[in-house]
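Some notes on the structure that comes next.
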Amino acid sequence: MKFVDEAKIRVEAGKGGDGCSSFRREKYVPFGGPDGGDGGDGGSVYLLADSGINTLVDFRYTRLFRAEHGGKGMGKQCTGKKGSDLIIKVPVGTTIHDEDTGELLGDLTQHDQELCIVKGGFHGLGNVHFKSSVNRAPRQTTTGKLGEKRNIRLELKVLADVGLLGLPNAGKSTFIRAVSHAKPKVADYPFTTLYPHLGVVKVSDEKSFVVADIPGLIEGASEGAGLGIRFLKHLARTKLLLHLIDISPDAEMDVPTQVRSIWNELEKFSADLATKEQWLVFTKTDLMLPEEIEERTSAVLKELAWTQPAYSISSINKEGLSELCYQIMNYLDDSQ
């Protein structure tokens, strides 16, 4: 299924039904009086988070959503039918913005969480409400109110505990394939990952965490280079960022330059994201001798003045993965 993480739609609540002007007419009751009933309320529009949906692709084809109008009131003080509410299912992790004002309307982060986006119109009143001692045969009624209408923007931010950062071909997809059952595409050319992938890493029978792999960043991504930075929003909910760095001799860019390039793009995108806990993970160590790994990683950490955790791994040979996953799980447990 095509991955779509943004959509713009219009939602319209139902109009309230009009009140009825009616009089009681029965044999032997010549002056029965008013008995016009009220109209029904218009239906509202709700968004419902559903964990069984993982994309907003359906909203690419259907853009207008309308709830049902309320029915008109009837004689014998019968109330009109209430308009049916419209429930729109969206993926868990969807944020909702008013497209015209930019206001954040809600953030659906749990399964079955519900949010009323537009409220149905109030019903009109029948003439039975207007009788009085001086007006015994009122013909007054009120019309139902119009329902609310809104243009909204849906934005999906995947729910993950850990996010992967790095340049194209840094080994992010190979890493997530090695530690989980996720199967993103792996190839020897840039931008094999075109949209986010989620993988569940099971550390033990009782403990696991979710990793998000996003397309690689390149210098100038904030200006639209490569795939740009539009997928960085999917790391906004994560608690930890793993910065994967190709440390092999075949790397196209020296390691400190790789790191600083990603830092620069992060800061341009979001100050909050740039200040998240971040660990360095040196990849593709299977292409080097142990003494070379130690020499190169030490030099990089010294040049960057790095004080946070740093790890060396080989996703192909599964070296260093268990230790890294256990340390991630411990960090997530401590941060709860």
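The values are calculated or read from the model by the stated rules, or taken from the named source; none is laboratory data. If you're wondering where the values come from, they're calculated on a predicted model, not measured in any experiment. Cβ coordinates were reconstructed from backbone atoms using ideal geometry, including for glycine residues, and neighbour counts include every protein chain displayed. For the accessible areas, the whole protein counts, side chains as well, though only heavy atoms, and no ligand, DNA or RNA atoms are used. Shrake-Rupley method; radii C 1.70, N 1.55, O 1.52, S 1.80 Å.
Pairs meeting the criteria (first residue in the stretch 310-330 and touching a residue at least 40 places away in the same chain (Cβ under 8 Å), second residue outside any helix (DSSP H, G or I) and open to solvent by 80 Å² or more (accessible area, probe 1.4 Å), beta carbons under 6 Å, at least 6 apart or on different chains) are Met329/Lys207. Note on the stretch 136-164: residues that are open to solvent by less than 50 Å² (accessible area, probe 1.4 Å), out of contact with any Gly (no Cβ under 7 Å at 6 or more places or on another chain) and either at pLDDT 90 or above or outside any loop (DSSP other than H, G, I, E, B) (or both) amount to 8. Against the definition (closer than 18 Å to Gly43 by Cα and either part of a loop (DSSP other than H, G, I, E, B) or of a type outside the set (Ser, Thr, Tyr) (or both)), how does Ser84 come out, yes or no? For Ser84, the condition - closer than 18 Å to Gly43 by Cα and either part of a loop (DSSP other than H, G, I, E, B) or of a type outside the set (Ser, Thr, Tyr) (or both) - is met. The number of residues in the stretch 2-56 that are assigned to a loop (DSSP other than H, G, I, E, B) and over 17 Å from the mean Cα position of the chain (by Cα) comes to 28.
State whether one or more residues within the stretch 277-300 are under 24 Å from the mean Cα position of the chain (by Cα) and either part of a loop (DSSP other than H, G, I, E, B) or not acidic (Asp, Glu) (or both). Yes; the residues of the stretch 277-300 include at least one that is under 24 Å from the mean Cα position of the chain (by Cα) and either part of a loop (DSSP other than H, G, I, E, B) or not acidic (Asp, Glu) (or both).
Evaluating Tyr331 against the criteria (1) under 19 Å from Ile176 (Cα atoms); (2) not in a helix (DSSP H, G or I) leaves one unmet condition, (2).
A Cβ distance below 8 Å, combined with a sequence gap of six or more or placement on separate chains, defines the contacts here; from the stretch 267-283, residues that are closer than 12 Å to Leu241 by Cα and free of Cβ contacts under 8 Å to residues at least 12 places away in the same chain reach residues that are surrounded by fewer than 20 Cβ atoms within 10 Å (Cβ to Cβ) and acidic (Asp, Glu) in the pairs Ala274/Glu267.
Rundown of residues vs (1) β-branched (Val, Ile, Thr); (2) without any contact (Cβ under 8 Å) to a residue 60 or more places away in the chain, yes/no style:
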{"position": "Gly16", "(1), (2)": "no, no"}
{"position": "Val29", "(1), (2)": "yes, yes"}
{"position": "Tyr46", "(1), (2)": "no, no"}
{"position": "Gly52", "(1), (2)": "no, yes"}
{"position": "Leu56", "(1), (2)": "no, no"}
{"position": "Arg63", "(1), (2)": "no, yes"}
{"position": "Gly70", "(1), (2)": "no, no"}
{"position": "His97", "(1), (2)": "no, yes"}
{"position": "Leu115", "(1), (2)": "no, no"}
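Considering the stretch 94-120, the residues that are more than 16 Å from Leu56 (Cβ to Cβ) and of a type in the set (Gly, Ala, Ser) include one that is surrounded by the most Cβ atoms within 10 Å (Cβ to Cβ), namely Gly120. Of the residues making up the stretch 295-309, those that are of a type in the set (D, E, K, R) and touching a residue at least 24 places away in the same chain (Cβ under 8 Å) are Arg296, Glu303. Looking across the stretch 300-328, just one residue is open to solvent by 60 Å² or more (accessible area, probe 1.4 Å), of a type in the set (A, V, I, L, M) and farther than 22 Å from Ser180 by Cα, and that is Ala305.
Applying the condition of being closer than 12 Å to Glu12 by Cβ and surrounded by fewer than 16 Cβ atoms within 10 Å (Cβ to Cβ) to the stretch 58-93 and asking which residue is nearest to the chain's Cα centre (by Cα) yields Arg63.
Under the condition of being at pLDDT 80 or above and buried (at least 17 other Cβ atoms within 10 Å of the Cβ), the residues counted in the stretch 204-234 number 5. None of Ser248, Ser322 is in a loop (DSSP other than H, G, I, E, B) and either more than 30 Å from Asp5 (Cα to Cα) or hydrophobic (A, V, I, L, M, F, W, C) (or both) except Ser248.
What's the total number of residues in the stretch 16-57 that are charged (D, E, K, R) and either open to solvent by 60 Å² or more (accessible area, probe 1.4 Å) or within 14 Å of Ile88 (Cβ to Cβ) (or both)? So the count comes out to 5.
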